[in-house]
1. Within region 188-228, work out how many residues are in a loop (DSSP other than H, G, I, E, B) and touching a residue at least 60 places away in the same chain (Cβ under 8 Å).
2. On the basis of being farther than 26 Å from PHE223 by Cα and at pLDDT 70 or above, does ARG140 make the cut?
3. Which ones in region 176-221 are over 19 Å from the mean Cα position of the chain (by Cα) and of a type in the set (Gly, Ala, Ser)?
4. With respect to GLY120, determine if the residue is without any contact (Cβ under 8 Å) to a residue 12 or more places away in the chain, out of contact with any strand residue (DSSP E or B) (no Cβ under 7 Å at 6 or more places or on another chain) and more than 22 Å from LEU197 (Cα to Cα).
5. Would you mind finding the one in ARG390, ARG357, ARG353, ARG319 that is farther than 23 Å from ARG405 by Cα and surrounded by 14 or more Cβ atoms within 10 Å (Cβ to Cβ)?
6. Among the residues of region 1-42, count how many are of a type in the set (Val, Ile, Thr) and in a helix (DSSP H, G or I).
7. Would you say ASP328 is in a helix (DSSP H, G or I), modelled with pLDDT of 85 or more and under 30 Å from SER449 (Cβ atoms)?
Amino acid sequence: MAITKILARKGRLDVGIHYVLNGDKTQEQILTAHLNCEPGRELRQMLETKSQYDKEDGVQYYHMIQSFRPGEVSPELALEIAQTLVEEHLPGYQAVIGVHVDKEHIHAHIIFNSVNADTGEKYHSSPQSYYRQIRAISDRLCREHGLSVILEGQGARAVSYAEWLRQSSGQPTFRAMLEADLRDAIQDANDLGHFFLLMEHKGWEIKHGNRLGFRLRGQERFFIPGRKDPRFTEEGIQAAIQGELSAIDQGLRPAVIPRPVYQPFRPHPKYRGFLALYVHYLYLLGKAGQRQYPPRMTPQLRQAAAQAERYRQRFYFLRDNDIATPEDMAAFLTRTEDALASLTKQRTILNVRKKKRQVLYTALADVEALAIAKELYEDGVSGMEEQLARYLDAVARLEGCGCSREQLLREKAEVYQRLAEVNRQIRQERQKLAICREIQKEAPQMERSIQYTMEPEEVRHDERRKR
C-alpha cells in the first residue's frame with residue numbers, strides 16, 4: 001500500500017535536493033536516482049532550465065512523497081516503483097529521487113523541477129492531476145508488484161487517505177492522524193514559525209485566526225483541534241514547543257500559564273572563561289537590540305544583535321556541558337571525536353552486515369510482494385510468468401540460507417533500526433563538534449568587540465585620527 005501526496009514549493013531548490021539526497025536517510029545515497037539530470041549537477045541543470053525559458057519565479061519545485069506500509073516493501077523495490085512513477089508521469093522533467101529508511105515505514109521523496117526541460121511548460125498540480133495520474137499510476141504499480149492499495153476508485157471520485165481511514169473500522173481517525181502529526185511537529189520544532197513549516201511539509205493546510213485550523217488535501221473543512229483540547233491552541237503549542245508537553249500530558253501544569261510563576265531572587269553564578277565571555281557579549285547584544293547602545297558600540301555588534309538567539313544557545317551549550325576554559329573545550333572535543341569514531345565504526349559494521357545479507361533481505365521482500373502473482377498464475381492468469389520466476393528464485397534462496405523467514409524478518413528489523421539509531425547519534429555528535437568549532441572561531445572577535453567598547457572615548461578618537 002502506497003500513500004502519495006504532492007506539495008508545491010516556492011523556497012530554495014538546493015534545500016529540497018539536499019533533504020532528498022541526505023546520506024543518513026538514504027544509506028549513503030545508495031537508495032537514490034536521477035531523471036534527466038546528472039548526479040552532482042542536478043541543481044545547476046534545473047536552474048539553467050528555468051533561466052533558459054525565463055521562468056525563474058513562482059513555484060520552484062514540487063515535492064512528491066510516496067509512503068509504504070511498514071514491512072510491505074524493500075528499499076530497492078520502493079526505489080524501482082518511484083522511478084517508474086516519475087518516468088510515466090513526468091517525461092521531460094528533471095527529478096531527483098531518494099528512498100528514506102530512517103523511520104519504521106519506507107518512503108520515497110521525489111523533487112522535480114517546476115519547468116519541463118524539453119517543452120518549457122510549467123507543471124500545474126490539481127486534484128484531477130493527483131487522482132487521475134499520480135494516485136492512479138501509484139496504485140497500478142502497487143498492484144503489479146503484489147502490494148495492497150488503499151481503495152479502488154475512478155478519477156476524482158477516489159477518496160483521500162484521511163477519508164479512507166475514517167471509513168475503515170478499527171483504523172486511526174482523522175483526529176488521531178492530526179494529533180500524531182501535531183505531536184511530531186511540536187517535538188521537532190525550534191519555534192512556532194518552524195512548527196507551521198513542518199506541518200505544511202506534512203501536507204496540512206493551516207488557517208490562522210481566532211482559532212488554529214488544519215486540513216488535508218481533499219478535505220472540505222478545517223479541523224480545529226484546540227476546540228476540544230487546549231494543548232493544541234496556538235498558546236498551548238507555543239508552551240509545548242518549549243518542552244512542557246510531557247508535563248501537560250501528566251496533568252502537572254495547565255497548557256497555558258496566564259502569568260509567570262513567582263521565583264525568589266537568586267544571585268547569578270560567577271562565570272569564567274567562555275561562559276563569562278558569552279554572558280558579557282549577550283549583555284552588549286541586548287543593548288544593541290534595544291537601540292540603547294552607547295556611542296562607542298561597534299557596527300559589528302549592532303549586526304550581531306540580530307543573531308542574539310544563536311549566541312544564547314551557544315551559552316546554554318557551554319553551561320550544560322561544563323565548558324569554561326580552553327582545556328575544558330579540548331577535553332570535550334576529544335571525548336566527542338572518540339564517540340564519533342566509535343559510532344562511525346559501528347555504522348560500518350552494520351552496513352557490512354546488511355550488505356552481506358542484502359540478497360536474502362531482497363528475496364524476503366520478493367516472496368511477500370509476489371505471493372499474489374503466484375496465486376494468479378495458479379488460477380490461470382496469463383502474463384505472470386516473469387513474476388512467478390522471481391518468486392520461485394526468492395523462495396529457493398530463502399530455503400537454502402539455513403534461516404527461517406521469521407528469524408530473517410527480526411534480523412532485518414534489528415539492523416535497520418540500529419542503523420537509524422546510530423545515524424541519529426552521529427548527527428548529534430557532529431553537531432556538537434560544529435558548535436565547538438564555531439565557538440573557538442568567534443571567541444577572538446567577541447573579545448575584541450568587548451575590549452573596544454570598554455576603551456575610553458579619547459583612546460578611540462586618537463585611533464581614528466591615526467588611521
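1. Of the residues in region 188-228, 3 are in a loop (DSSP other than H, G, I, E, B) and touching a residue at least 60 places away in the same chain (Cβ under 8 Å).
2. yes
3. ALA176, GLY209, GLY213, GLY218
4. no
5. ARG319
6. 3
7. Judged against the criteria, ASP328 is a match.
A quick yes/no check of all residues on (1) touching a residue at least 60 places away in the same chain (Cβ under 8 Å); (2) under 30 Å from TYR316 (Cβ atoms); (3) in the same structural domain as PRO70 (by TED's automatic domain parsing):
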residue	(1), (2), (3)
ARG390	no, no, no
GLU399	no, no, no
ARG418	yes, no, no
CYS436	yes, yes, no
MET446	yes, yes, no
TYR452	yes, yes, no
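The values are calculated or read from the model by the stated rules, or taken from the named source; none is laboratory data. Predicted model only: the values in this text are computed from it and were never measured. So basically every Cβ, Gly included, is an ideal-geometry build from the backbone, and we count neighbours across all protein chains shown.
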